[in-house]
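The values are calculated or read from the model by the stated rules, or taken from the named source; none is laboratory data. Being a predicted model, the structure only gives us computed values, none of them experimental. Cβ: placed from backbone, ideal geometry, glycine included. Neighbour counts: every protein chain shown. Keep in mind that these areas ignore ligands, DNA and RNA; they rest on the heavy atoms of the full protein, side chains included. Shrake-Rupley method; radii C 1.70, N 1.55, O 1.52, S 1.80 Å.
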Amino acid sequence: LLFFQAHHVLGDGASLSAAFMDVVDEAEEFRGEVLRIWNKRKGLVKSFWQRVKRYLQVALWFFLGLLQTMVHQGMLSFHSWWDDNPWEAVKERALVESNDAERRTVSWSEVAPLEQSKWIAQQLDGPKSKITVNDIFCACASAALGRQLEEHRKRLELRDITLSEQSRLHIGLPVHLKGGFVLPGESVGNIIGAFVVRLPSESDGSAEERLREVHKELANIKKTPAALISHMLARLLSQSSMILPSSWIASVFNRSTAGAIAVVSNNRGPSKQMHIGARRVESLYGFVPMPPGVPIGLVVMSYAGNISLTMSAESWAVPDTDQFLIWMMDEYKRLLNEAKAKSSTK
């Protein structure tokens, strides 16, 4: 077993993967593949006028996307202020009942073959489906959060405490601004932004309906520069900390999460097995550092054809992370069964 205790030194999954790839036996092969893909992307725009056209398109995209991002963030902020948040009631009660309510719980497991997840998307949405693996597991996470809240509700009802229902919840997603690439010789670091999405929570609909809602929400915000804008604002606020009161900076950072209950990070690892000293690396797991005020962190990671889930959470929100991953897999099995049913009718 090889353990990394990276914290914020490496900063993000892409940087950690790049550092890991420097020590595996296949390092040169991996660097060559990264450069090949990167150069292929750069080669899509060659002539001077193509570059000018591209710059104008990016400028227009950024301007229109800035307006869309402001509307989106305003809507999230409104809902975080206006809507009842049952998770706050859960936290307040947990702090009253236990001095150990803020301890961390963790869990990790390989959960599914990568090709199976892609097959589910194709069966539910056609061979040209744009539903991603991350969409699938974000849908599974939202379903599990709904079940976790229901468990909290049952427990508190025994104490004559009523929790409001939550039809929608907010989840944050970090985004690597270079598409997950750290080139050979390039410095690692926090080249990341993030955005918050509003996903279905407690719902009686089918797994496919939930997945389609999740995909639509994520696809819409991915078209905007929301992640880039968040990165720029975070850098600006960090530099402003030498001038502005620290309480102001902390307040802005806390509000930027728009009441998100969880952060879900997607990290794509090598498609084939790696070796260190001729010994096979069986699996890779990464843990996401949770932003202030966000009690649940989940990593969806692929490596050597398999998908793993890794979770850390404050115990007041998720007392049993093993059970939470089981709930996620229950939703995944619902998707798999619905995909099989749809496949059999074709």
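Side notes on the structure shown:
- When every residue of the stretch 285-293 is checked against the conditions, none turns out to be not in a loop (DSSP other than H, G, I, E, B) and not polar (S, T, N, Q).
- Of all residues in the stretch 69-86 being open to solvent by less than 50 Å² (accessible area, probe 1.4 Å) and in contact with a His (Cβ under 8 Å, 6 or more places away or on another chain), the one that is farthest from residue 149 (Cα to Cα): 76
- All told, residue 131 falls short of being touching a Leu at 6+ places or on another chain (Cβ under 6 Å), surrounded by 15 or more Cβ atoms within 10 Å (Cβ to Cβ) and over 22 Å from residue 288 (Cα atoms).
- Cβ-Cβ under 6 Å pairs, at least 6 apart or on other chains, the stretch 78-97 side at positive phi, far side open to solvent by 80 Å² or more (accessible area, probe 1.4 Å) and among the aromatic types (Phe, Trp, Tyr): none
- Residue among 209, 217 that is touching a Lys or Arg at 6+ places or on another chain (Cβ under 9 Å) and either of a type outside the set (A, V, I, L, M) or at pLDDT below 85 (or both): 217
- Only listed residue being in contact (Cβ under 8 Å) with a residue 60 or more places away in the chain and at positive phi, chosen from 313, 260, 278, 339: 278
- Check on residue 188, open to solvent by 20 Å² or more (accessible area, probe 1.4 Å) and either at pLDDT below 95 or in a helix (DSSP H, G or I) (or both): yes
- Residue identified as open to solvent by 40 Å² or more (accessible area, probe 1.4 Å) and either without any contact (Cβ under 8 Å) to a residue 12 or more places away in the chain or over 17 Å from the mean Cα position of the chain (by Cα) (or both) among 209, 213: 209
- Within the stretch 222-259, considering residues that are closer than 21 Å to residue 177 by Cα and modelled with pLDDT under 80, the one least open to solvent (accessible area, probe 1.4 Å): 237
- Some residue of the stretch 124-145 being at positive phi and either part of a helix (DSSP H, G or I) or not acidic (Asp, Glu) (or both): yes
- Of all the residues in the stretch 256-279, those that are in a strand (DSSP E or B) and among the hydroxyl-bearing types (Ser, Thr, Tyr) number 1.
- If you go through the stretch 192-211 and keep only what is part of a loop (DSSP other than H, G, I, E, B) and touching a Ser or Thr at 6+ places or on another chain (Cβ under 8 Å), you end up with 201, 202, 203.
- Residues of the stretch 318-346 that turn out to be surrounded by 18 or more Cβ atoms within 10 Å (Cβ to Cβ) and either in a helix (DSSP H, G or I) or modelled with pLDDT of 95 or more (or both), as a count: 13
- Test: residue in the stretch 101-108 that is closer than 28 Å to residue 211 by Cα, open to solvent by 60 Å² or more (accessible area, probe 1.4 Å) and in contact with a strand residue (DSSP E or B) (Cβ under 9 Å, 6 or more places away or on another chain): yes
- Restricting the stretch 165-178 to residues that are free of Cβ contacts under 8 Å to residues at least 60 places away in the same chain and not in a strand (DSSP E or B), the residue that is farthest from residue 16 (Cα to Cα): 167
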